1. With only Lys, Arg, Asp and Glu charged, each at its Cβ (+1 for the first two, -1 for the last two), find how big the charge dipole of the stretch 125-273 is about the Cα centre; round to the nearest 20 debye.
2. Quick query: amide H of Gly71 versus all other amide H atoms, modeled in the peptide plane; which residues come in under 5 Å with a sequence gap of 5 or more or a different chain?
3. Considering amide H positions built from the backbone, and no H for Pro or chain starts, which residues 5 or more places from Ala233, or on another chain, come under 5 Å of its amide H?
4. Taking every pair of alpha-carbon atoms in the chain, what share in percent sits in each 10 Å bin, from 0 to the bin with the longest distance?
5. Once the dipole of the chain is set up with Lys and Arg at +1 and Asp and Glu at -1 on Cβ about the Cα centre, which of Ala67, Leu226, Pro238 lies farthest towards its positive end?
6. Given the options Glu260, Glu28, Glu219, which has the most mean-square fluctuation in a GNM of the chain, springs set between C-alpha atoms less than 10 angstrom apart?
7. Kindly provide the helix-only [θ] at 222 nm of the chain, computed as the sum of -39,500 (n - 2.57) over DSSP H runs of four or more divided by all residues, to the nearest 500 deg cm²/dmol?
8. If R₀ is 45 angstrom, what is the calculated FRET efficiency for the pair Ile199 and Asp21, using the beta carbon separation as r and rounding to 0.05?
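Please treat every number below as a calculation from the coordinates, not as lab data. Computed from a predicted structure; not experimentally measured. Reconstructed Cβ throughout: ideal geometry from the backbone, glycine too, with neighbour counts over all protein chains shown.
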Amino acid sequence: MAEAFHGVGVTRVRAGVRMDDRDRAATEEPLEVRLHDKQFAVIMRTPGADRELAAGFLLAEGVLKSADDLGTIEYCTDPAAEHPENIINAKLVNGSAETLDKFLAERRNVTTNSSCGMCGRLSIDSLKTDLPPLVIPWTVASSVVVTLPDRLRKTQAVFDETGGLHAAGLFSRDGALETMAEDVGRHNAVDKVIGRMVIQERLPLTNSMLFVSGRTSFEIVQKAFLAGIPLVAAVSAPSSLAIDLADECGITLIGFLRGENFNIYAHPERVTT
């Protein structure tokens, strides 16, 4: 498996003075996700936690409804494959396997880049879900919410080396970090975290909170909703569509979480002061 970062040449300019040096850059490589040996999607990602990434991605795409639908999810064993370390093959069980052709037909043969998790879908309508809104009555104190960024930041080892990776962290209601992941894509990091929980058969995550670096877009809220996560927070701004979806789905959406300050864009009743 490729490293999460590698050395690169760089020319540094400081106060008009040039100097050749070495630096570290976050690795970005394609991961081909196959369903029963048939190509389903290609995801641009940072190598690492690839099985978890694929599982989280398949949950977000509606291929998996729960961990019970997942038979095996392993690296490619095809001897003809040039880069088997960049291919994950998933096999479905229960009724999901019977609708394999439908899943494949709903995808365009495109690459999902590291900034957009839904680019391969045929239409906006295919992004919608018919699940009921989350009705989860617990609350969390704002004094716990403001601790999330620092707790996640302390675990970002690859970011320390490169300065070029996003992160997602899954937290318990008391603010304890349960698991985290880093990736060049925000949504990839979320998929890795949620996919890890899928493989461990821990869904729904109704007692968890999700914190992500960067902004919050539609696909991140959707991924949280499908995993049953009732609170999503981010260091930057949410999009208007993310806010609308969070409001409809019963998710508390927090943005601009920096220091002691933050904004609540949907379902503020879940946060107490």
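1. Roughly 240 debye, rounded to the nearest 20.
2. Lys91, Leu92, Val93
3. For Ala233, whose amide H was placed from the backbone, the distant partners under 5 Å are Leu210, Phe211, Val212, Ile254.
4. Going out from 0 Å in 10 Å bins, the chain shows 7, 29, 34, 20, 8, 2, 0 percent.
5. Farthest towards the positive pole: Pro238.
6. Glu260
7. One gets -6500 deg cm²/dmol as the mean residue ellipticity at 222 nm.
8. Computed FRET efficiency for Ile199 and Asp21: 0.65.
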